[in-house]
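What follows is a set of notes on a single structure, which appears directly below.
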Amino acid sequence: MTQTISLLARLIDTLAPRSCTMCGGRLTVTEEVMCACCNHRLPRTYYSKLAYDNKLVRLFWGRIPIEKGAAFFFYKAHSDTSRLIYSLKYDKHPEIGETLGRIVAAEFGQDSFFDGITAVIPVPLARQRERERGYNQSEELARGISSATGLPVLEKVLERISFHGSQTQKGRWERNENVEKAFQLIDPSPLNNQHLLLVDDVITSGATLVAAAKELLKATNVKISVLSLGFANNE
């Protein structure tokens, strides 16, 4: 059976070759999203090894109570890593999010990052933005994490009620103001006594996750941890 699947995979790969999202080179049958070379060069943060105290976690200290946090790689605009995020968000490739979610979960799981976490919550998009895109990239990432860890994804407990443009070109204080009242808790009951993993694609100032977490913390006895693909470490 394994040999049959392998032969079928090789045939499909021959007829419809896939390319690396980062360098554009051809992927082998066993590679997903990025080639082995780009995977090796990916600027990993390794924050999952020090999940309770790292630069990402310290970004939230004094703003929300946070348990732990990690990002997969350091993100920089117009870099190879930005191609991963751009393709996920704008090139109609939701499968990139799910695949990267599985990869992140496998690596972070080696450091016991998911121990104690009971559910995953993707940061919601505004309805208009999700209709335009066709999907929520954070939901795709969360599904990949869920498939690798078995943690449930809670998608209908939080909604984004306002959207005032992209955060990309805004300073820290503008980002805070832009998302301060952007989220609304729909149903707190599934969240009570849970340790929630809040998932987003890229963290810059942390303003979006802070706003979302403040709504989630309205439920009873909730703990918050965070995970993202990229961390825009600008210092």
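The values are calculated or read from the model by the stated rules, or taken from the named source; none is laboratory data. Treat the numbers as computed from the prediction; the structure is a model and nothing was measured. FYI the Cβ positions are ideal-geometry reconstructions off the backbone, even for glycines, and counts take in every protein chain you see. Heavy atoms of the whole protein, side chains included, go into the accessibility calculation; ligands, DNA and RNA do not. Shrake-Rupley method; radii C 1.70, N 1.55, O 1.52, S 1.80 Å.
Annotations for the structure displayed:
- The chain: angle of helix 137-149 to the longest principal axis, Cα-based, in degrees nearest 10: 70 degrees
- Residue-normalised accessible area of the chain, expressed per residue, 1.4 Å probe, Å²: 51 Å²
- A full extension of the chain between residue 50 and residue 155 corresponds to an added length of 35.0 nm, given 0.36 nm per residue minus the alpha carbon distance.
- The residue 18 and residue 67 beta-carbon pair, evaluated with R₀ = 41 Å, returns a calculated FRET efficiency of approximately 0.65.
- Rounded, prolate or oblate (a/c below 1.5 giving rounded, otherwise prolate when a/b exceeds b/c) for region 35-172 by Cα gyration tensor: rounded
- For region 51-145, the carbon plus sulfur part of the accessible surface works out to 48%, probe radius 1.4 Å.
- In the chain, the DSSP-assigned H stretches of four residues or longer account for a calculated mean residue ellipticity at 222 nm of -11000 deg cm²/dmol, using -39500 (n - 2.57) per stretch and the full residue count as denominator.
- Largest accessible area first, the residues 156, 49 order themselves as 156, 49 under a 1.4 Å probe with ligands, DNA and RNA left out.
- Prolate/oblate/rounded label for region 34-95 (Cα gyration tensor, a/c 1.5): prolate
- Angle of helix 2-15 to the longest C-alpha principal axis of the chain, folded into 0 to 90 degrees and rounded to 10: 90°.
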